[in-house]
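Structure first, then comments.
The values are calculated or read from the model by the stated rules, or taken from the named source; none is laboratory data. Note that the coordinates shown come from a computational prediction; the quantities given were computed from them, not determined experimentally. Every residue, glycine among them, receives a Cβ derived from its backbone with ideal geometry; neighbour counts consider all protein chains shown.
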Amino acid sequence: MSTISRRTFLKQGLAVACAACASQVPLPASAKPAGPGELATLIDIRKCIGCESCVEGCREANSAKYPEPQHPFPKMYPARVKVADWSSPEKREVRDRLTPYNWLFVQEASVVIDGEETALNIPRRCMHCQNPPCADLCPWGASRKLDNGITLIDPDICLGGKKCQVVCPWDIPQRQTGVGLYLDLLPNFAGNGVMYKCDRCYNRIENGELPACIEACPENVQSIGPRNEIIQAAHRIADKEGAYIYGETENGGTNTIYLSPVPFDILDQSVAKGKGKPHLDKVKNQMANADNLAKAMLIAPFAGLAAAAGRIYSAAKTKNTDERTGV
Amino acid sequence: MKSISVGRIFAEQKMIKPIYLFLLFLMGLTGFAQMPIFKRYYIADVPGLGWLAQFYVTHALHYIGAILLLFLLVYSAVFYLGMLRKRFGLTITAYVNIALLGAIVGTGIFRVLKNLPDVVFSPVCTMFIDISHLGFMLTLSLFGIITMATKSKWLQQR
């Protein structure tokens, strides 16, 4: 096999790479630091009366985004692949859990406060993590984080593999079969619909409007603002009024901050949990290991360089010694 | 890299190839495991392979493999330049492999960057990175099969 010069190789390789970048690849400038621009919501569950105005507001504002699947669904192989269908008129009306047609629900808890049995209502939806595993681990880039802190699943790209739900500490995204890109690819053998969850009304925020759940609430349970201001406000209230905070450090930090009159471990024991009904337990940063390994990745090339340089030096030294001793 | 029994033989000429192939296999396996296919197709049901359906495990292994591969690639490049370049030239097979590895590493670096906290890439960029990373890996695998069948080597004596 013939050789080509390194100069030719580098020139041609560089030309191809430059052409590819110029034609279609947004340059690294598209990587924007998301920190200062992130918006967070503060949900003060002490104020929530469980009227579900937020749920209705969400459903009304987002109904155009809800799936309209094609029936019958393509037969999927192997047989273990289950259909997830929430599209019947009855199932579309489900409001006591998260579904592809219900991105926000009010979770109920009964706790004792000052010796009195008290009912608390907790609006539950996507937490919009600061480093969301669903977006980091989505194999197709369908789930992604916006620079304003919203985590969004693109229904035009999602194949419904449910990986986002599996890696989500709260199992938030919900699947609907029979809709989306997989129908145009290999519907029998890959994919299973589209995953749906709260997108915190990204389109309304783009137009300077409030998310529908916040606008619809008659009790001002929720507020939205820059994350640092929301965190400061949460701590101010917590310190002054003896409330407890959830979401500030969970999974490394989220953009949904809850305030509760009782500790969240008590609240977690009280709420009904299960499919579509997320917990309120402590959550470690799921991406922490990956972040640490990414740092080690920076060191690896330098370690390789140092090891090879040491090896070359050692070999040269051995050679010189051999030559001097006549071995 | 292929060892060639001309002149002094270094341990690297025998050791690097099996390590490199093992790492490529590990990266390919854990890379494919990023798609939810191993559970669907019962592969994770095979005793001992259940970890293939655990996304956090395969993701961490993919990162560890990337660390080892980066180390090995830089080590091999420097070792070649320092110890073997005078005796051996690179073949076209080597240049194609290097180009594909460069593309895989390059897109992989951007994928890792995207996964860091406070780093947000545009949707088009994210999709391009994901799909090109997979595409370059598939191309490298195909090219590897062809070069194995034709017994093409990376080095040839000058």
* **Failed condition for A:ASN131, given (1) crowded, with 17+ Cβ neighbours inside 10 Å; (2) more than 14 Å from the chain's Cα centre (by Cα)** => (2)
* Asked: Looking at the stretch A:274-327, which of its residues are surrounded by 14 or more Cβ atoms within 10 Å (Cβ to Cβ) and not aliphatic (A, V, I, L, M)?
  -> A:GLY276, A:LYS277, A:PRO278, A:HIS279, A:ASP281, A:ASN285, A:GLN286, A:ASN289, A:ASP291, A:PRO301, A:GLY304, A:ARG311
* Tell me which residues, restricted to the stretch B:36-75, are β-branched (Val, Ile, Thr), over 24 Å from A:GLY310 (Cβ atoms), part of a helix (DSSP H, G or I) and without any contact (Cβ under 8 Å) to a residue 12 or more places away in the chain. => B:ILE43, B:VAL57
* Asked: Has the stretch A:136-143 got any residue that is assigned to a strand (DSSP E or B) and more than 20 Å from A:GLY57 (Cα to Cα)?
  -> yes
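Condition check ((1) touching a helix residue (DSSP H, G or I) at 6+ places or on another chain (Cβ under 6 Å); (2) over 26 Å from B:PRO117 (Cβ atoms); (3) touching a residue at least 12 places away in the same chain (Cβ under 8 Å)) across all residues:
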| position | (1), (2), (3) |
| --- | --- |
| A:LEU146 | no, no, yes |
| A:ASP154 | no, no, yes |
| A:CYS158 | no, no, yes |
| A:GLY161 | no, no, yes |
| A:VAL167 | yes, no, yes |
| A:ILE172 | no, no, yes |
| A:GLY180 | no, yes, yes |
| A:LEU185 | no, yes, yes |
* Structure fact -> Within the stretch B:37-80, residues of a type in the set (S, T, N, Q) and more than 19 Å from B:MET15 (Cα to Cα) come out as B:GLN54, B:THR58
* **Selection count, the stretch B:110-131, where residues are among the aliphatic types (A, V, I, L, M) and over 22 Å from A:GLU38 (Cα atoms)** => 3
* Which one of these does B:MET137 not meet: (1) in contact (Cβ under 8 Å) with a residue 24 or more places away in the chain; (2) more than 25 Å from A:ILE157 (Cα to Cα); (3) buried (at least 20 other Cβ atoms within 10 Å of the Cβ)? -> (2)
* Asked: For the stretch A:36-66, how many residues are buried (at least 22 other Cβ atoms within 10 Å of the Cβ) and small (Gly, Ala, Ser)?
  -> 1
* Can you give me the number of residues within the stretch B:107-129 that are of a type in the set (Gly, Ala, Ser) and more than 8 Å from chain A (Cβ to nearest Cβ)? => 1
* **Given (1) within 30 Å of A:SER314 (Cβ to Cβ); (2) among the aliphatic types (A, V, I, L, M); (3) in contact with a Gly (Cβ under 7 Å, 6 or more places away or on another chain), index of the condition B:ALA99 fails** => (1)
* Structure fact -> Subset of the stretch A:206-224, residues closer than 18 Å to A:ASP147 by Cβ and loosely packed, with under 14 Cβ neighbours inside 10 Å, comes to A:GLU206, A:ASN207, A:GLY208
* Quick one: in the stretch A:285-319, which of the residues that are within 30 Å of A:PRO169 (Cα to Cα) and of a type in the set (D, E, K, R) is farthest from the other protein chains (Cβ to nearest Cβ)? -> A:LYS295
* **Of all residues in the stretch B:57-76 being of a type in the set (Gly, Ala, Ser) and crowded, with 20+ Cβ neighbours inside 10 Å, the one that is nearest to the other protein chains (Cβ to nearest Cβ)** => B:ALA66
* Selection count, the stretch A:94-128, where residues are assigned to a loop (DSSP other than H, G, I, E, B) and more than 26 Å from the chain's Cα centre (by Cα) -> 2
* To do: Scan the stretch B:83-140 residue by residue and report those that are small (Gly, Ala, Ser), more than 12 Å from the chain's Cα centre (by Cα) and either modelled with pLDDT of 90 or more or closer than 26 Å to B:LEU21 by Cβ (or both).
  => B:GLY89, B:ALA94, B:SER132, B:GLY135
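Residues checked against (1) among the small types (Gly, Ala, Ser); (2) within 14 Å of another protein chain (Cβ to nearest Cβ); (3) within 20 Å of A:ILE205 (Cβ to Cβ):
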{"residue": "A:GLU229", "(1), (2), (3)": "no, no, yes"}
{"residue": "A:GLN232", "(1), (2), (3)": "no, no, no"}
{"residue": "A:ILE237", "(1), (2), (3)": "no, no, no"}
{"residue": "A:GLU241", "(1), (2), (3)": "no, no, no"}
{"residue": "A:PRO263", "(1), (2), (3)": "no, no, no"}
{"residue": "A:LEU267", "(1), (2), (3)": "no, no, no"}
{"residue": "A:ALA272", "(1), (2), (3)": "yes, no, no"}
{"residue": "A:LYS277", "(1), (2), (3)": "no, no, no"}
{"residue": "A:VAL283", "(1), (2), (3)": "no, yes, no"}
* When only residues in the stretch A:120-168 that are touching a Lys or Arg at 6+ places or on another chain (Cβ under 6 Å) and charged (D, E, K, R) count, which is farthest from the other protein chains (Cβ to nearest Cβ)? -> A:LYS162
* **Filtered residue count, the stretch B:81-106, keeping only those that are at the interface with chain A (Cβ under 9 Å from one of its Cβ atoms) and either in a helix (DSSP H, G or I) or charged (D, E, K, R) (or both)** => 12
* Asked: Just checking, which of A:ALA190, A:ALA216, A:ALA233 is farther than 25 Å from A:GLN286 by Cα and touching an Asp or Glu at 6+ places or on another chain (Cβ under 8 Å)?
  -> A:ALA216
* Which numbered condition trips up A:THR318, out of (1) closer than 25 Å to B:LEU70 by Cα; (2) of a type outside the set (A, V, I, L, M, F, W, C); (3) part of a helix (DSSP H, G or I)? -> (1)
